[in-house]
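**Q** Pasting in a structure now, in structure tokens, and then I'll have a few things to ask.
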Amino acid sequence: MAARAGHDLPPIAVPVKLAYLTGSHHYPLSVPTSATDKQRLCDALSPAYIVEDDYEFNRDDHP
């Protein structure tokens, strides 16, 4: 199954207090999380705390 960017997120049924994301960890979809998808996750999870473990961060710009 191929991943595609910009997919719709299903409604979240329970309140989320904390989310742990690994945006550059590519398994199992082999696709890093795009900036657009990260923003959509932030919007969907607000006001939860979001921790991103981007251990492979290698950009010249700011995250």
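The values are calculated or read from the model by the stated rules, or taken from the named source; none is laboratory data. None of these values were measured; they are calculated from a predicted model. Reconstructed Cβ throughout: ideal geometry from the backbone, glycine too, with neighbour counts over all protein chains shown.
**Q** Residues being modelled with pLDDT under 75, surrounded by 13 or more Cβ atoms within 10 Å (Cβ to Cβ) and not polar (S, T, N, Q): count how many of those fall in the stretch 24-63.
**A** Total meeting the criteria: 3.
**Q** For a quick check of your reading of the model, give me the residue pairs whose first member lies in the stretch 11-39 and is of a type outside the set (D, E, K, R), whose second is at pLDDT 85 or above and assigned to a loop (DSSP other than H, G, I, E, B), with beta-carbon atoms closer than 7 Å and at least 6 apart or on different chains.
**A** Going by the 7 Å Cβ cut-off, the qualifying pairs are 16/48; 18/48; 19/48.
**Q** Could you list, in sequence order, the residues of the stretch 1-22 that are touching a helix residue (DSSP H, G or I) at 6+ places or on another chain (Cβ under 8 Å) and at pLDDT 75 or above?
**A** 12, 16, 19, 21
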